[in-house]
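Novice: I have a structure here, written as structure tokens, and I will follow up with some questions on it.
The values are calculated or read from the model by the stated rules, or taken from the named source; none is laboratory data. Remember, predicted model here, so these are calculated numbers, not experimental data. So basically every Cβ, Gly included, is an ideal-geometry build from the backbone, and we count neighbours across all protein chains shown. Note: accessible area is taken over every heavy atom of the protein model, side chains too, but ligands, DNA and RNA are not part of it. Shrake-Rupley method; radii C 1.70, N 1.55, O 1.52, S 1.80 Å.
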Amino acid sequence: MKRAVLAFAVAGAACFGALGSSHALFPIPQAHAASKTTAGDYAAENALKTLNSFYKPALKGQFPGAVSGLTIGKSTKQNVIQKIGEPTVPGKSSGAFDVYGADMGNPGYAFSYQQNKIREMRYFGTNVERQTNIGGITISMLKQNWYAPNAVSTFKNGKKTQTKLTYIRGDYKLEFIFNSSKDLDHINLTAK
């Protein structure tokens, strides 16, 4: 009996030793810092993709994504409602913004109209995983990838001081409104 138990223990140790050397069956855990870097790289890559997705559509007076095809100065309020539905918070006066809140991974937007045509579009990004969307876009990233803006200004918005970087894209202005160098609040698109 003792021999059987001893043989079983030796055989088990040999099998476990063989299996233990296989990383496929027993993966070695990675350091926590490495996973943070990977997550940070993923967020930065996706933020850069989001940033670059605005570059070409802005030449046509449009935003990418769910509102693509809606054009500054051409599309009507009815076109917007057909495309993305009724606003979450309708504008209460002439020139006020109709706001479409971000929900369940869908970005938020706002539209203002002049003579029933879109005068300005705003993109607020997503609330969920914001760092992989506009929350990961920094002034440094913007300047590194799109170079110097056509204009930079600062202004007060309530108690906040915001910085606006403006890029001229054909007949349109694409404006990036930052709360700080690493906190993009929203993106505006207007006619030049």
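Novice: Select from the range 177-190 the residues that are under 12 Å from SER140 (Cα atoms) and not hydroxyl-bearing (Ser, Thr, Tyr) and list them in ascending order.
Specialist: Hits for the range 177-190 are PHE178, LYS182, ASP183, LEU184.
Novice: Next question. Go through the range 42-76 and report how many residues are in a helix (DSSP H, G or I) and either buried (at least 16 other Cβ atoms within 10 Å of the Cβ) or among the hydrophobic types (A, V, I, L, M, F, W, C) (or both).
Specialist: 11
Novice: Taking into account only those residues within the range 77-94 that are of a type in the set (D, E, K, R) and either at pLDDT 95 or above or part of a helix (DSSP H, G or I) (or both), which is nearest to LEU142 (Cα to Cα)?
Specialist: So the residue we want is LYS83.
Novice: Could you list, in sequence order, all residues of the range 150-169 that are of a type outside the set (Lys, Arg) and either open to solvent by 90 Å² or more (accessible area, probe 1.4 Å) or free of Cβ contacts under 8 Å to residues at least 24 places away in the same chain (or both)?
Specialist: Listed by number, the residues that qualify are ASN150, ALA151, VAL152, SER153, THR154, PHE155, ASN157, GLY158, THR161, GLN162, THR166.
Novice: Determine which member of the set ASP171, ASP183 is over 20 Å from GLY73 (Cβ atoms) and either touching a Pro at 6+ places or on another chain (Cβ under 6 Å) or not basic (Lys, Arg) (or both).
Specialist: ASP183
Novice: For residues in the range 101-117 being closer than 20 Å to LEU189 by Cβ and among the small types (Gly, Ala, Ser), which is surrounded by the fewest Cβ atoms within 10 Å (Cβ to Cβ)?
Specialist: GLY101
Novice: Same structure, new question: Six or more apart or on different chains, Cβ under 8 Å: which pairs go from a residue in the range 74-96 that's more than 12 Å from PHE111 (Cα to Cα) to one that's open to solvent by less than 30 Å² (accessible area, probe 1.4 Å) and of a type in the set (Val, Ile, Thr)? Could you list them?
Specialist: LYS74/ILE118; LYS83/VAL67
Residue by residue, here is whether (1) under 15 Å from VAL67 (Cα atoms); (2) of a type in the set (D, E, K, R); (3) open to solvent by 30 Å² or more (accessible area, probe 1.4 Å) holds:
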position: ILE84; (1), (2), (3): yes, no, yes
position: VAL99; (1), (2), (3): yes, no, yes
position: GLY125; (1), (2), (3): yes, no, no
position: GLN131; (1), (2), (3): no, no, yes
position: ILE137; (1), (2), (3): no, no, no
position: ASP171; (1), (2), (3): no, yes, yes
position: SER181; (1), (2), (3): no, no, yes
position: LEU184; (1), (2), (3): no, no, no
position: LEU189; (1), (2), (3): yes, no, no
